[in-house]
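A.B. asks: If you scroll down you'll find the structure; I have some questions about it.
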Amino acid sequence: MTNPAETLRQKASRLLDEYNALHDESAYAEAKRAYQQLLAEDPDDAGLHLEYGMLQDWHGRRSIRAAVACYERAIELDPGQDAPHFQLTHSRAALNETEHVIDLYKKRLAAAPDQIREYRFLARAYLYAGAREEAGKVIAAGRKLDPGDYGLLELEAELLDASGRKQAALAIWQTFKQRGDPENLEPYYMSAFALEAMGRYQEAIAEWRYIIDWHEAHDHAIHTEWPKEMIAGIEAKIAAADPSADGTRS
Amino acid sequence: MNGEDVTPRMWQELSALAPDRWPAIRRAVAARIAADLLAELDGLPRSASLLDLERQRRAGQVAHREVA
């Protein structure tokens, strides 16, 4: 029951508790407004930031859970599509629920062992769970069935990258660039991440510039914003490491 | 030639030698590969449960949150 003498701070905390317990969207909306007002009045209150963060965390998790339900329904309605499986694995991983997808894809593989996509799905589920040994075993088994499968090779590169073997991952992405689908930018994005992580900043910038050029050539200007931000971030790292550098050296 | 090279070559030769029986052969081999893989995966020790982690996180947030 609401206390008529309740302060705004007390109201915000009460609504936070209600939202956590009952998941009522109106409680979320009201709590959000209350915390925003409180933070506008007292932007240095650590407790307020903590509680507002928790409110957003819980709401975000519920949104991701709703996305999981959408992907599961998409799979039911159109079993031939791969994309909802990848999205499902991403979302389950964000919720720390990779065990659900591991179990799901183990069952699917047992039911359809000659479908190479089932190896890809299971390998990705393990990879996102951080179970690299298992992911490697699934990739190797899938290769026995289809040694030239590009999807498994892509996963192999991701596994190598996650294992710290970035040079080996880069070699695979280079293969994709040379032989793969010219419309597939993934090896360029992945190479940019790996090169930056390896401190090979100029090469990373070159990957991002390729991505920007590609999007501009395909009239996708909105997708050039993130690459530009990434370049700015790398240039800031270069400048921090060597204040005399301007990030434009080749 | 090492063991890794044998399988792709074997697949190519089998599919060329017995194109009519190839789908059945592939299904049979796939069933064996998957059964061996799944048995191996089930035999590995499971890492700490991420589901448990998620439940602990939720419980911790309720149990330890200081209400103003």
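A.B. asks: Among the listed residues A:102, A:75, which satisfies the condition of being β-branched (Val, Ile, Thr), more than 14 Å from chain B (Cβ to nearest Cβ) and touching a helix residue (DSSP H, G or I) at 6+ places or on another chain (Cβ under 8 Å)?
C.D. replies: Answer to the check: A:75.
A.B. asks: May I ask you to verify whether residue A:37 is away from chain B (no Cβ under 13 Å), in a helix (DSSP H, G or I), over 26 Å from residue A:158 (Cα atoms) and touching a residue at least 12 places away in the same chain (Cβ under 8 Å)?
C.D. replies: On the way: away from chain B (no Cβ under 13 Å): yes; in a helix (DSSP H, G or I): yes; over 26 Å from residue A:158 (Cα atoms): yes; touching a residue at least 12 places away in the same chain (Cβ under 8 Å): yes.
The answer is yes for residue A:37.
A.B. asks: Is it fair to say residue A:210 is of a type outside the set (Val, Ile, Thr) and farther than 17 Å from residue A:231 by Cα?
C.D. replies: Details: of a type outside the set (Val, Ile, Thr): yes; farther than 17 Å from residue A:231 by Cα: no.
So residue A:210 fails the test.
A.B. asks: So, in the stretch A:124-144, exactly how many residues are within 16 Å of the chain's Cα centre (by Cα) and within 18 Å of residue B:42 (Cβ to Cβ)?
C.D. replies: Step one: filter the stretch A:124-144 for residues within 16 Å of the chain's Cα centre (by Cα), giving A:124-130.
Subsequent filtering for residues that are within 18 Å of residue B:42 (Cβ to Cβ) retains A:125-126, A:129.
Total satisfying the criteria: 3.
A.B. asks: Restricting to the stretch B:26-47, and then to whatever is among the small types (Gly, Ala, Ser) and facing another protein chain (nearest Cβ under 7 Å), can you tell me which residue is farthest from residue A:119 (Cα to Cα)?
C.D. replies: Filtering first and then ranking leaves B:47.
A.B. asks: Kindly establish whether residue A:148 is surrounded by fewer than 22 Cβ atoms within 10 Å (Cβ to Cβ) and at positive phi.
C.D. replies: Spelling it out, it is not the case that residue A:148 is surrounded by fewer than 22 Cβ atoms within 10 Å (Cβ to Cβ) and at positive phi.
A.B. asks: Let me ask something additional. Is there a residue being part of a loop (DSSP other than H, G, I, E, B), surrounded by 14 or more Cβ atoms within 10 Å (Cβ to Cβ), more than 20 Å from the chain's Cα centre (by Cα) and within 14 Å of chain B (Cβ to nearest Cβ) anywhere in the stretch A:168-182?
C.D. replies: To start, the set of residues in the stretch A:168-182 that are part of a loop (DSSP other than H, G, I, E, B) comprises A:180-182.
If we keep only those that are surrounded by 14 or more Cβ atoms within 10 Å (Cβ to Cβ) as well, we get A:180.
Pick out the ones that are also more than 20 Å from the chain's Cα centre (by Cα) and you get A:180.
Now narrow it down to the ones that are within 14 Å of chain B (Cβ to nearest Cβ): none.
No, that holds for no residue.
Taken together, the values in this text are just the output of simple stated rules run on the coordinates, not laboratory data. Remember, predicted model here, so these are calculated numbers, not experimental data. We place every Cβ from the backbone using ideal geometry, glycine too, and count neighbours over all the protein chains shown.
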